[in-house]
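Chemist: Sharing a structure here in structure tokens format.
What follows draws every value from the coordinates through simple rules; no lab data is involved. No experiment lies behind these values; they were computed from the predicted model shown. Glycine gets a Cβ as well: all are built from the backbone with ideal geometry, and neighbour counts include every protein chain shown.
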Amino acid sequence: MNHLDPVRHVRGESQYVDDIPTQRGTLHAAVFESPVAHGRLLSLDFEAALAQPGVVRILTAQDIPGENQIGGIVPDEPLLAEEHVHFRGQPVALVLAETEHQALAALAFIKAEIEPLPIITDPRVAAAQGELIVPPRTFRMGDSAATWSQCAHVFEGVAESGGQEHLYIETQGAYAYPTEMGGVRIISSTQGPTAVQRHTAHVLGIGMHQIEVDVTRLGGGFGGKEDQATTWGALAALGAYVVRRPVKLVLDRMADMRMTGKRHPYSSDFRIGLAADLRILAYEVTFYQNAGAAADLSPAVLERTLFHATNTYFIPNVTATAYSCRTNLPPNTAFRGFGGPQGMFVMESAIVKAAEALGVPASAIQRRNLLREGDLFSYRQPAEMCNAELSWDTADKIYDLEKSRAEVAAFNAGNEQFKKGLSVMPICFGISFTKTPMNQARALVHIYTDGTVGVSTGAVEMGQGVNTKIAQVAAQTLGISPNRIKVESTNTTRVANTSPSAASATADLNGKATQLACAALRERLLRHACTEYTLNYEGLEIHNEQVLAAGVAADTNWEKLVSSAYWKRVSLTENAHYATPDLHFDPTTNQGYPFAYHVYGTAYTTVTVDCLRGTYTFDAVQIVHDFGESMNPAIDQGQIEGGAVQGIGWMTLEELIFNEEGRLLTNSLNSYKIPDLYSVPQHMPVHFLDTPGHPRAILRSKAVGEPPLMYGIGAYFAVRDAIRAFRPGHLADFSAPITPEKVLLNLYPAAVAAAVPVAVSAEA
Amino acid sequence: MLHFYLNNQRIRTDQPAGSTLLDFVRYNQHLTGTKIGCREGDCGACTVLVGELQPDGQGIRYQSMTSCLTPLGNAHGKHIVTVEGINAAAGTLTPVQQAIVQEGGSQCGFCTVGFVMSLTGHALSHKPATSESGLAAIDGNICRCTGYKSLERATALLTDQLAARPAENVVSWLSEQQFVPAYFKDIPTRLQALQTELQAENEANNQKPEARNQILGGGTDLLVQRPEHIRAVPVQLVYDQAHLRGIRQEADGRVVLGAAATAENLRDSPLMQQLFPRLPDYLKLVSSTPIRNMGTVAGNFVNASPIGDLTIFFLALDASITLETAAKQRRELPLRELYRGYKTLTKEADEQLVEITFPAPASTDFFNFEKVSKRTHLDIASVNSAAWVRAENGFVQEARLSAGGVGPIPLFLTNTSAFLAGKEISAETLAAANAVMQTEISPISDARGTAEYKRLLLRQLLFAHFLRFFPERIALRELV
């Protein structure tokens, strides 16, 4: 079955927030943001702005009727700044005007008096000053300190990975309407409708039942609209609540890039110890996470970094410590992988450092240490139904590592200007919210009397195809055509207390809830059929909309059955709840069983570097991926290809540059570059690993959202490999993204100093 | 008053000529299929097709443009097509839409319509559909879910289908194949009628503005930099002025470009292709297909970006520009003398750039353009450079080098060019030339790279020019 949404997408008929017809009387909002990264907010002067044409009202923290607080994990984030500003782009005031042009134009007339305070942008500086969001966390297994003396080889180093702007093509936005009884209805572009509801209620000082949040779909989220959509939903709602007119707030691209948080940059120290046979005996790592100015989701992201600090390897002695460091940047947030990729980049850097020093291919160390069935992760969950070796060996069988390496070597021997590089990137990613209570979902299924079906869940469609999968689950469970099924918008009045669409778990959680609801309805209808048509319940089923009794067509079909059930007063609605079984995790001991299952895979990346210009093209990313029993190979393949390319972007092109004043220099699409058509690998086969899947996965079809992003890490190491082909023995810093600039500076380290004449450099 | 066709609908509007076509389509006409992604021509979510009646009065040439940067005034007299204008009956899809759905080329869907429009433009193109031209058609469209591989597969499918497209009566065939609705066949007649009507109207109220208004070309810079200003002031549209278009060679060998010639016009020009056989490769590095359809050469010069690709290209060709006042006073100025400092010009406010000329390089001359940016395509250069060299018997006779991104203005490398004249072509000469070059540049660290990187990169581009010109005399390993 095809992804359902694209038929509407290609005709331009899918509605996003900004496409909703505006109601009469709608005001447009624009956000006045802090122009400095840290300071004391002394005064605000709105006189000139209020005199501008069309300006109706300017709201500040003083206008908030409830509590000025939207922090999700730690209550450290005001909706509108009060007394202090902590990052450039922090919302300070909300201008409401008759048109969007007028609202934006008024911003220039607002004067803010701010006394500057010292600015921190570097997480290590923050840690040294004790500026931590939460106390540090350590995951520990075995005794790494006692193991170094038993290691034949010990290496240490530093690895840095940059942030990443989500760059959903649809910017953040919300449209809020005052409702009767003093409530607000919000149409929000959010991955977390309940978060918007909860925080808005809190800010307005009213009950959650007074706030309705509705989400049709997002034009991309990638984690950037998990917690960070809340600000805009709550601001629009505040406007609507105070002024009692509809308020629309859609950020323009540059405002979105300035004001919202991104993937966390990390700076990390590692130490790795190996036995003579290349077994990794010990690994110590310290992560400095650049959290930005408020907690947001940083503590949870930090935790996942620790979960995935050893990637897909078994290491008996591990000490992994992480610091969430408060800096004066926008609060960093969820982004596909959620801290996992940052941890895995350091692990791979440590392996490559060891391999380069020992003169062995990194793949020799990687293969030697892959997880096997029953091996413990540092958090003590065993690897079960473990496919680490299977995916590696399958990749080797299909793509032939030795042959690939020989081809690269032959090319390099015959080429001076162009050098190829090759890397292998095995991955392992745990599926579930690591905060165990979040692993629950509900589905509300209505069968209408004409046999059509409406399904509501907490899942938000943002391109990952979850609505299609839910429709598939419903159709398959009820035995009817997917054409009869409509997956409704995600609405907090239909399905309450939802977890955000995140952690790759949306299809599993909401799909399982849908499956339970549909199974209950099916059973109810079949029981009804037994009495109504005098049939035996055993062997009764609905297949292709036909009721079959022991495989023989009965005298009724789906439509008739539904209609007769209604007239016999049988309920055609079901509400089901699903909570992932067996999960537990103790965040004080950092031990437990946090994941429903793990996803595995392996990617080979081949790159060609132009060693004259420092530019590169990816020849191939060849993937073997553990889908389980994919319930929708077309959607799943799209997720793998898309995730891998996003990961390549993070590791290569995408460079967030903040200056010392905390100002984002790469603040638009012309300076922040994400992959385009020509920067994707030319060849990108995806092999579906043949496995039975996992019973905790929906229809045994494993989660596909986040894991493929980490194949992109291979891009960094492939480029590094090519640099070493041009300049053997060169030890580049482990610093991602490896932009064309870093490539060229690494290709010509000696020329850099020589190229700058002293007199001129002083002048420049 | 602006008059044009939007899909199947005749439009008369008094919206400002300097407002954007995007805002008109979305917020005035409520056609929400066209999306807003960046408002700076960098994502393609707002791509529409702009059809222009050809001089023969028969055919329409459709080009993809990003409506966020298309001045509404540039729609005047044209056929603007949004997705609503190509959609077939409810429940059916055009072959372009079908291919994208079938290959899984749409995930979140926000960029999708842009791809649909770009590929529909590809179908409407008069050029043969190849896999390369298919991909080029979508080179201005960004997909963050990165369904690029599936979009590549969809494009390949379409290219196969378009192999059957006849050379004549393209629109009839496309209409039969459901690529576009049948009303497209009537558009040439309707636009002809519209032109006749507008001509009569123009003659009736032929008023010249007294002072020179804000000149507005393709909009690709001004509507990024100052959209609110451009929307608010009277504008003088130059994009469609016939006398500012065209590329020709004079009897004395000089080549003359109309100021409103676009980058795509350069690429399409047989004369330019003959003079610069690698021109398509160079221009593939310059923005994207829709932006090349819009941006003018003169706009690139006057924008005065220190990194303007076309400026750097023409500096090395020793181009001159003709400036004209509102009172039709003309003067000629070497392009290299146009720049006074960062974003400031020696051009008077009253002067308009109307023509560009340059001496055609001899077939024995060497010319090369280099550009390195963070992302190879659809990006602004970290450093770009062009070189023209005349050489004989292993010696440089004359050289002209230019470089962008290494100073406050697009630089003509006067000293380096002079140094090279008369020198033997060797690694030693290039090392010495680099030393000279490093003293006449002053790069700063910014989002496009650090100063030290730009210095090193320009050295590499100098080497790249000469490695391309004289591979038999120089090898990379000797240079680095």
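Chemist: Inside 10 Å of the C-beta atoms of B:109-122, what's the mean count of C-beta atoms belonging to other chains?
Modeler: Working: counts 19, 13, 6, 11, 6, 2, 3, 4, 1, 0, 0, 0, 0, 0.
Across the residues of B:109-122, the mean count of other-chain Cβ atoms within 10 Å is 5.
Chemist: Further, regarding this structure: Taking the Cβ of residue A:141 as the centre, find all other residues whose Cβ is under 12 Å away and add up their charges (Lys, Arg: +1; Asp, Glu: -1).
Modeler: Net charge around residue A:141: -1.
Chemist: Averaged over peptide A:12-22, how many Cβ atoms belonging to another chain are found within 10 Å of each residue's Cβ?
Modeler: Counting Cβ atoms of other protein chains within 10 Å of each residue's Cβ and averaging gives 5.
Chemist: Could you compute the net charge surrounding residue A:342? Neighbours are other residues with a C-beta less than 13 Å from the C-beta of residue A:342; K and R count +1, D and E count -1.
Modeler: Once all neighbours under 13 Å are counted, the net charge is 0.
Chemist: Go through B:164, A:202, A:109 and say which Cα lies farthest out towards the positive end of the charge dipole of the protein assembly as shown; charges sit on Cβ, +1 for Lys and Arg, -1 for Asp and Glu.
Modeler: B:164
Chemist: What's the percent breakdown of Cα-Cα distances in region A:598-700 across 10 Å bins, shortest bin first?
Modeler: 13, 35, 27, 18, 7, 0
Chemist: Hey, another quick one. Leaving out same-chain residues fewer than 8 places away, which aspartates and glutamates sit with a Cα under 13 Å from that of residue B:127?
Modeler: Cross-link targets: B:168, B:268.
Chemist: In peptide A:326-336, how many Cβ atoms from other protein chains are near each Cβ within 10 Å, on average?
Modeler: Counting Cβ atoms of other protein chains within 10 Å of each residue's Cβ and averaging gives 0.
Chemist: While we're here: Taking Rh as the Kirkwood radius, which is the inverse of the mean 1/r over Cα pairs, what is the Rg/Rh value for region B:242-479?
Modeler: Reported Rg/Rh (Cα atoms, Kirkwood Rh): 0.95.
Chemist: Roughly speaking, what is the centre-to-centre gap between region A:514-588 and region B:13-75 when only Cα atoms are used, to the nearest Å?
Modeler: Taking the Cα centre of region B:13-75 as reference, the centre of region A:514-588 is 52 Å away.
Chemist: Right, next: Given B:81, B:25, B:131, which one lies farthest toward the positive end of the charge dipole of region B:2-190, if we put +1 on the Cβ of every Lys and Arg and -1 on the Cβ of every Asp and Glu?
Modeler: B:25
Chemist: Order the peptides A:514-520, A:225-231 from the highest to the lowest mean number of other Cβ atoms within 10 Å of their residues.
Modeler: On the way: A:514-520: 22.6, A:225-231: 28.9.
Most protected by this proxy first, the peptides run A:225-231, A:514-520.
Chemist: Taking every pair of distinct Cα atoms and averaging 1/r, then inverting, what Kirkwood hydrodynamic radius in Å comes out for region A:341-471?
Modeler: For region A:341-471, the Kirkwood estimate is 19.4 Å.
Chemist: For the protein assembly as shown, with only Lys/Arg (+1) and Asp/Glu (-1) charged at the beta-carbon, what is the dipole magnitude about the Cα centre, in debye rounded to 20?
Modeler: 380
Chemist: Which of the aspartates and glutamates could a cross-linker bridge to residue A:560, judged by Cα under 12 Å and excluding same-chain residues fewer than eight apart?
Modeler: Within the straight-line cut-off, residue A:560 pairs with A:450, A:532, A:545.
Chemist: Excluding residue B:148 itself, calculate the net charge of residues whose Cβ lies under 12 Å from the Cβ of residue B:148, where each Lys or Arg counts +1 and each Asp or Glu counts -1. Provide the component values of the computation, followed by the final result.
Modeler: Numbers: positive: B:144, B:149, B:153; negative: A:641, A:676, B:103, B:139, B:152.
Value of the local net charge: -2.
Chemist: Provide the FRET efficiency to the nearest 0.05 for the residue A:579-residue B:186 pair, computing r from the beta carbons and using R0 = 60 Å.
Modeler: Calculated transfer efficiency: 0.45.
Chemist: Sort A:329, B:174, B:2 by Cβ crowding within 10 Å, fewest neighbours at the top. Please report the intermediate quantities before stating the final value.
Modeler: Values: A:329 29, B:174 23, B:2 20.
Lowest count first: B:2, B:174, A:329.
Chemist: Something else: Using only alpha carbon positions, build the gyration tensor of region A:440-579, then give the equivalent ellipsoid semi-axes as the square roots of 5 times its eigenvalues, largest first, whole angstrom.
Modeler: Ellipsoid half-lengths, sorted descending, are 28, 14, 12 Å.
Chemist: Efficiency by 1/(1 + (r/R0)^6): what FRET value for residue A:560 and residue B:90, r their Cβ-Cβ distance, R0 = 22 Å, to the nearest 0.05?
Modeler: Efficiency, from the Cβ-Cβ distance: 0.15.
Chemist: Using 20 Å as the Cα-Cα cut-off, could you pick out the over-long pairs in A:469/A:702; A:469/B:35; A:486/B:149; A:742/B:149?
Modeler: Violating the 20 Å Cα-Cα cut-off are A:469/B:35; A:486/B:149; A:742/B:149.
Chemist: If the reach is capped at under 21 angstrom between alpha carbons, list the lysines near residue A:403, excluding any in the same chain fewer than eight residues apart.
Modeler: Output for residue A:403: A:419, A:420.
Chemist: Please list A:195-205, A:554-564, A:645-655, B:224-234 highest first by mean number of surrounding beta-carbon atoms within 10 Å per residue.
Modeler: Packing order, densest peptide first, comes out as A:645-655, A:195-205, A:554-564, B:224-234.
Chemist: When the gyration tensor of chain A is built from Cα positions, what are the square roots of 5 times its three eigenvalues, in whole Å, from largest to smallest?
Modeler: For chain A, the ellipsoid semi-axes come out as 43, 37, 23 Å.
Chemist: If you average the alpha carbon positions of region A:63-123 and of region B:374-453, how far apart do those two centres end up, in angstrom?
Modeler: Each part's Cα centre sits 46 Å from the other's.
Chemist: Another question, then. Assuming R0 = 30 Å, can you tell me the calculated FRET efficiency for the pair residue B:344 and residue A:661, based on Cβ-Cβ distance, to the nearest 0.05?
Modeler: Working from the Cβ atoms, E equals 0.70.
Chemist: Hey, any idea what the orientation-averaged projected area of the convex hull of chain B's Cα atoms comes to, in nm²?
Modeler: The orientation-averaged projected area of the Cα hull of chain B comes to 23.6 nm².
Chemist: How do A:310, B:66 rank when sorted from fewest to most other Cβ atoms within 10 Å of their own Cβ?
Modeler: A:310, B:66
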